[in-house]
Structure formats: structure tokens, C-alpha cells
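Below: one structure, written as C-alpha cells.
The values are calculated or read from the model by the stated rules, or taken from the named source; none is laboratory data. It should be emphasised that the depicted structure is a prediction, and the values quoted were computed from it without experimental measurement. As a convention, Cβ positions derive from the backbone with ideal geometry for all residues, glycine included, and neighbour counts pool all protein chains shown. We work out accessible area using only protein heavy atoms, side chains counted, and drop any ligands, DNA or RNA first. Shrake-Rupley method; radii C 1.70, N 1.55, O 1.52, S 1.80 Å.
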Amino acid sequence: PMLGSVLIDAGTNLTRFGITNDYSGLARPQGGAYDIGAYEFDPSLKLHLDFDVTGVSNVVDVTGNGGDGIMFDATNHLTFTGGVFGTRAGNWITNHVMTDGNGHFYDASQYLAVTNTAAFAKMTNCTISLWASFLPKTLQNVEDLLDSAYDPHNIGSAATNSWRVTTIPYASSVLLRGYSASTSDSDGDLIGISGATTTNLSLYTFSADCSNSVCVSYFNGQPVYTNALTGFPYLKIFGSPDLAWMCVGASVHAGTPQWGDDLYPNDEYHSGKMDDIRIYNRTLSAAEVQNLYAGNGAALSSSVGSPGGGTTNETSISFLRARNAMGF
């Protein structure tokens, strides 16, 4: 159920039949009572861009929290392609080169701007998860997948504890990077280096527990690193001095997201696919992260094949979801 659905808290306790978890493996109930349907509504899921629900110029946040990804100009509108488990994914293509006016040239591509970030603006504990694939690039060696950060030494203390999901220059790792009061752009904390970048869609997940100063990173559902999370009492959205926002597929660069009103975003464009972007305001367990990789439960993963291939039958997915929603 989506946020506000009449199905929330309207179900029946079926534990006497051995049903203790929903179809995706979440324990029932997540909220005050049991929900109707195959999936238990998780109030901790604050952003979910699945790329299956889109408008003319936006990718819908299917949680109902209003964090849609906005495309501000037709020249940066996304195209869509095969995603995980037969669904759609966003397709970022480096389609031109732009300059910042100072003789620097950048690969330019599409991006989404999430301007309503109230649901996840400041999180003591969180999980950030997304599927991504990468294509070779010629002018750039850093790609920002999700970015709301800026170096507080350059922009002021308001940017402290901001974060981004990015790649390391000249390397093949995806990481959650945060900016504390003691770090700068050249030595920002590298929190939970996740795994190699790949040409197939792979799942990158970061489960950050600021209250206990630890972050666990996962690659394709498996934990790969546990890192100390020092100097971060929370993670927050910064974006720019004028607007707290998150850029999907490029660097916010402390600018505003409107296309053509300034030179930003103008850097660190992604080239490849992204799918199923999720932000929770709690740390997911290892089993829950594995369920994200499995594609809403073992039944789906065994029925539709490899998540990275993007060649599964969408009809079979729809049938399985409808079948389970009816209680079969």
C-alpha cells in the first residue's frame, strides 16, 4: 500500500497460519496493525523512485511522500530502458559537452532534481539503496548517483553532515561520502566503500547507524564492509544555500536545480542506468537487504532470472504481484 492507503492497518492477523512476513520479507506488522495485501506498508521508506510511474517531466516517488524526481527541461529528460526484474529503469546518456565559463569542459547528461526532501532531510539512522550500471566515459572519472552535499569549508557550516553516493576517481568503487566539520572536498570521509562498478545493474546499499557510529555497505545484497562513521551525528540534505535538494545523476555543486538559470549542475554526470532508488530512515537488516536484491522475495527471484540482465518477462511479474495481492 502507498502512503494514505485505506489498506493500511485494515488487515487480519494471520500468524496462526504461519504468515509472519510479507511477500518482500518484511515482518508484519510494520505499523500499528496488519495491512491488507501481499506487501506490508513500511513507514520508514521515505523515498522510492522505481521508474515505472512517470509523468511528462517527473519520475514519481511511489511512497506518496512527494519526493518526485523532476526534469526541468526537455533537453535533460530521461529515456527509459529495461531495469531489474523486467521493470523500467532510468537511462542516463552523456549526450553533449558543456563549459562552466572558465575554460573547463564537462560531460553533460540528464539528471533528476528531488526538491521535496522533507521526508528524509535529516536522518540519524538510514539506509540508502539503488541499482546502478555504468558506461565508459571520456572526460570524467567521477560520477554522482545521488548528491546533496558540498564541502562545508567552501560553503559554510550549513553543509556539514551532507552526503552523496558517488564513485572514486580512477577507481571502480561506489561509496557513501559524507562531509563533517573536519573534512574537506579533498579528503571527505569515505563511508562504506561498496564494490566494483559494473556494466550490468548491480545493487549498492548503505546502512548508516549514526547513533552507534557505524556504516555497513552491501554489494548485490551481501555485506562487504563495516566502516566507522565518525563525526556524523546525523546525515542531512544540503543541496544549495537557497534550496535543500538532491540531484540524481549529477553533482548539485551548490547550485539550484532549474535548468538554464545558472551553470549547475555542471559536473560529475552519471552515464548508465539507475533503478529502484530507496531511502529509509532506519537501518535495514542484512536479511532485508538480501530481499531487496532478490526482488521482493524468493518467489520472484527464482521465477524471473538474473536481476542484472533486464530481459525478464514483465507480464510474469505483473501476474505474480496480482496473484499475491489477491492472497493466493
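With contributions of -39500 (n - 2.57) from each DSSP H run of at least four residues, the per-residue ellipticity at 222 nm computed over the chain stands at -2500 deg cm²/dmol.
On a per residue basis, the chain carries 41 Å² of accessible surface, using protein heavy atoms and a 1.4 Å probe. Taking only protein heavy atoms and a 1.4 Å probe, the accessible area of segment 14-93 is 59% carbon and sulfur. Using a/c under 1.5 as the rounded threshold, could you call segment 43-159 rounded, prolate or oblate? The axes a ≥ b ≥ c are square roots of the C-alpha gyration tensor eigenvalues, and prolate needs a/b larger than b/c, oblate otherwise. Because a/c hits 1.5 or more and a/b fails to exceed b/c, segment 43-159 counts as oblate. Site pair Asn21 and Met2 shows an inter-label distance of 2.8 nm when each label is modelled 7 Å from Cα along Cα→Cβ. In a fully extended conformation the segment linking Ala158 and Asn212 would gain 17.1 nm over its present Cα-Cα distance, using 0.36 nm per residue. Taking amide H as placed 1.01 Å from N in the peptide plane, Asn21 has its amide H under 5 Å from the amide H of Arg28, each at least 5 places away in sequence or on another chain. Positive-end ranking of Ser213, Ser251, Thr75 along the dipole of the chain, with charges on Cβ about the Cα centre, is headed by Ser213.
For segment 204-217, 3J(HN,Hα) computed residue by residue from phi via the Karplus equation (6.51, -1.76, 1.60; θ = phi - 60°) reads 10, 9, 10, 10, 9, 10, 5, 5, 10, 6, 9, 9, 9, 10 Hz, glycine and proline entered as x. Taking Cα atoms only, the orientation of helix 314-325 departs from the longest principal axis of the chain by about 50 degrees. Amide H contacts under 5 Å for Asn161: Tyr179, Ser180, Ala181, restricted to partners 5 or more places along the chain or on a different chain, H placed in the peptide plane at 1.01 Å from N.
Annotation: amide H-H contacts under 5 Å for Gly64 (H modelled 1.01 Å from N, sequence separation of 5 or more, or interchain): Leu3. The Cα atoms of segment 234-291 give a gyration tensor whose axes a ≥ b ≥ c have a/c of 1.5 or more with a/b no greater than b/c, which makes the shape oblate.
For Ser172 and His104, the difference between the fully extended length at 0.36 nm per residue and the C-alpha to C-alpha distance is 22.1 nm.
Go ahead and run the numbers for FRET between Ala74 and Thr230, Cβ-Cβ distance against an R0 of 45 Å, rounding to 0.05. The value I calculate is 0.55. In order along segment 24-36, the Karplus-derived 3J(HN,Hα) couplings, from 6.51 cos²θ - 1.76 cosθ + 1.60 at θ = phi - 60°, round to 8, x, 6, 5, 9, x, 8, x, x, 7, 6, 9, 8 Hz, and Gly and Pro are given as x.
Inter-label distance, Gln222 to Asp242: 4.7 nm, where each label sits 7 Å from its Cα along the C-beta direction.
Accessible surface for Phe238 stands near 10 Å², nearest 10, in the context of the full protein assembly shown (1.4 Å probe). For the residues Asp261, Asp189, a 1.4 Å probe over the protein chains yields an accessible-area ranking, largest first, of Asp261, Asp189.
Rounded to a whole number, what % of the accessible area of segment 201-250 do carbon and sulfur atoms account for, probe 1.4 Å? It is 49 percent, rounded to a whole number. Per-residue 3J(HN,Hα) values for segment 75-83, derived from phi via the Karplus relation 6.51 cos²θ - 1.76 cosθ + 1.60 with θ = phi - 60°, read 6, 10, 5, 5, 9, 10, 8, x, x Hz in sequence order (x marks Gly and Pro).
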